[in-house]
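The values are calculated or read from the model by the stated rules, or taken from the named source; none is laboratory data. Please read these numbers as outputs of a predicted model, since none were measured by experiment. We place every Cβ from the backbone using ideal geometry, glycine too, and count neighbours over all the protein chains shown. Only protein heavy atoms, including side chains, enter the accessible area calculation; ligands, DNA and RNA are left aside. Shrake-Rupley method; radii C 1.70, N 1.55, O 1.52, S 1.80 Å.
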Amino acid sequence: MSTNEDALPSSDPSANATPALATDSNPAGPTATPDQPPPATVAANTTAPSTPAASAPADASETTPSQNVTINLINLMVKRNLITREDADGLIREAQQEADVARAQAAATQAKAERALTAQQAQPAPAPAAAPAPAADDEVRVAYVPDVVKKQITDQVTQNVMEQTREEHLADTIAANAVPDWVKRFHVSGDIRVRYEGDDYPSGNAVGSGFINFNAINTSSNGLTVNPALLPNSLPQYDVDQDRDRFRLRARIGAEMDLGNGFTSGMRIATGSDDSPVTENQTLGGTTGGGQGGNFGKYEIWLDRAFIRYELGAQPNKDLTFTIGRFDNPFFHTSMIWADDLAFDGAAVRGKYEVAPGVTPFLTGGAFPVFNTDLNFSTDQSAKFSSEDKYLFAVQGGTTWEIDKDFTLKGAGAYYDFENIQGKVSDPIPIASASAVGDTDDSRPAFAQNGNTYIALRNFTDPNPADVQNQYFGLATPFDVVAATARLDYSHFDPFHMSLTGEFIKNVAFDRNNIVNGGPANFSGPQNNTTNPSDPNSFNGGDMGYMVRLDLGKVDLAQLWDWNVQLSYRYVQSDATVDGFTDADFGATLVGTNLKGYTIGGNLALSPRVWAGLRVMSADSIAGPTYKNDLLQFDINAKF
């Protein structure tokens, strides 16, 4: 709404005139004519008298227009919270006082004008001044604002702004000082995933052929009873024909602490049905892992991460990091060789340095204890055995190359040397019994999934092979794995990305002849991955694997309806890598190696921190008895 008095209607024809006020440069004002009202009358109309209509109302939000432009301007500033009501009232009083002074000056000027009027009457009258154009609705036309009012308005606005700034700064200072320093260095994060999983076994699986659960045997207190004459049905078996529906939960929470001077420490705890290294899934209602869960029972929490890190550089193209403890996988990889949730125990060093624009080589290496023999091994006899400690020594080198603004290529080669991970046949044990102990019992895997080839470890010399034996099983081959991994990313439509990832692995320590001839004399040869369990030479396992994966969509699901999809295919022979550390989902019951098949999946953001995911996996066995599985997973994920 305009506050210009020229735009207000009036019954007085003279109200539409716009005479100028008397000024120091023109004390007499305009020249008077017979057709115009006296100048004093005009001057008096430019400033409203001090009347109730000109005074400011108590509530600025209900201010009514005044005939005085200055008052209207001040009221407008109050309405927009630029000055307070109290300050506005003071400014209005001063404006009215100046208006009274102006009227007195106008009266004096009128006397002078009347004396000059007689001399000017004989002269032709000038053309009447044109009426000003009507003001626009959003225009404020100010005819006269006294200098003292201008200065006071400026000072008041400046003071208000300064006071507000000081108050905000003081509040920030108080808030900053109220938070302890260690809290500001403490960064908490976590996530929760609820999953429906359907395990479907198509017809045609080789039921009764012996899908032996070697992990169940090796994690028992003294091996399971084995009758060689009744193999394989005397051993625990995997389910390969009964469909299952499961609801699973994964919850994790952790924190990192900035210790200053390049040092960081971190911890994370997570759920889990057991101490599996490859997954934190807890089956709701499940009773595995020492009887936890079921009938709304509570679930266990495990230490999932605990580390200390020292970092130099900390720049995208220049960085050197040392980490010890239990931490995230430091290597560039796919889930074919290392599960996504797997943590590494030990020490690692990572470094990268940009040697040319867009070309950044990197190098990662480390030493990781896989298994450490019990200090009192064997625990049930006075004579102790030598240790069979297992280690992983690994090194990976590669380069990230920004080919141009759209294409980025990352490639690396790795060598994973697993020390003492293969099983070893024990010294002769004369009597097969529950109390028997082998000096190589600790060479069996402390954790395994499925797919690797096994041999028996305890060398019983009882001449009757039909006698019941308490047996353990170990990996039939050593593992020295070489891996080549690459990813090409296309970001022309960023944040929409397209990337293609590939990985090839080969176990260069694989020796088919040693596998066929491994094991004790009365329990010789490979115990799985054969076409005929009674014929060791029918072993048809292998030493290589590969995987390709295509990703489309947004890398980070940061907004509602962000999405991405994935399609992958893998082919992993029985002894290409250690099955205990691979993807914990592909293959369902028989997860690990000795599998081929595809995965299709996608994710959709439901909010910046919540998203839904759907995956379908189809897996077939490569060697040994026929096995097929179709797996469906639907997830709701939340992170903070």
Computed P(r) (all Cα pairs; segment 288-425; 10 Å bins; percent): 10, 27, 29, 20, 10, 4, 1
FRET efficiency estimate (nearest 0.05) - Cβ-Cβ, residue 488 to residue 151, R0 60 angstrom: 0.35
Cα-based reach from residue 184 at 15 Å (exclusive), listing aspartates and glutamates while leaving out same-chain residues under 8 positions away: 172, 256, 258
19 Å Cα-Cα reach of residue 390 towards aspartates and glutamates, excluding residues that sit fewer than 8 places from it in its own chain: 275, 345, 374, 417, 419, 439, 441, 442, 480, 575, 579
5 angstrom amide H check on residue 437, placed H, neighbours 5+ away: none
Where labels lie 7 Å past Cα in the beta-carbon direction, separation of residue 556 and residue 403 in nm: 2.5 nm
Built amide H within the under 5 Å cut-off of residue 378, gap 5+: 385
Cα point-scatterer Debye curve for segment 558-640, base-10 log of I(q)/I(0) at q = 0.26 Å⁻¹: -1.16
q = 0.24 Å⁻¹, segment 246-316: log10 I(q)/I(0) [Debye, one scatterer per Cα]: -0.99
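What does the highest-first list of 295-301, 247-253, 583-589, 367-373 look like by mean Cβ count within 10 Å? Present the calculation step by step, with values, prior to reporting the outcome.
Values: 295-301: 11.0, 247-253: 18.0, 583-589: 24.0, 367-373: 16.4.
The densest-packed peptide leads the list: 583-589, 247-253, 367-373, 295-301.
Once you have a ≥ b ≥ c as the square roots of the Cα gyration tensor eigenvalues for segment 269-348, tell me rounded if a/c is under 1.5, and otherwise prolate or oblate according to whether a/b is larger than b/c.
On the way: a/c = 3.49, a/b = 2.44, b/c = 1.43.
It is prolate, given that a/c is not under 1.5 and a/b is the larger ratio.
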Residue 459 long-range amide H proximity, modeled H, under 5 Å: 426, 429
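Could you calculate the FRET efficiency of residue 101 with residue 164 from 1/(1 + (r/R0)^6), where r is the beta carbon distance between them and R0 is 41 Å, rounded to 0.05? Each step should come with its number before you reach the end.
On the way: r = 34 Å, r/R0 = 0.84.
Given R0 = 41 Å and the Cβ-Cβ separation, E is 0.75.
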Accessible-area composition of segment 567-635, carbon plus sulfur, in percent [1.4 Å probe]: 60 percent
Anchor residue 79: aspartates and glutamates whose Cα lies under 15 Å away (excluding residues fewer than 8 positions away in-chain): 59, 62, 87, 89
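At 0.36 nm per residue, and after removing the present C-alpha to C-alpha distance, how many nm does the segment from residue 634 to residue 319 gain when stretched out fully?
Details: separation 315, 0.36 × 315 = 113.40 nm, distance 3.83 nm.
Residue separation times 0.36 nm, minus the Cα-Cα distance, leaves 109.6 nm.
Give, in nm to one decimal, the length gained when the segment between residue 221 and residue 514 is fully stretched (0.36 nm per residue of separation minus the Cα-Cα distance). Write down the numbers at each step before the final one.
Working: separation 293, 0.36 × 293 = 105.48 nm, distance 2.84 nm.
102.6 nm is the gain from fully extending residue 221 to residue 514.
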Sites residue 89 and residue 609 - FRET efficiency at Förster radius 35 Å, r taken between beta-carbons, to 0.05: 0.10
Computed lengthening from residue 209 to residue 328, 0.36 nm per intervening residue step minus Cα-Cα distance: 39.0 nm
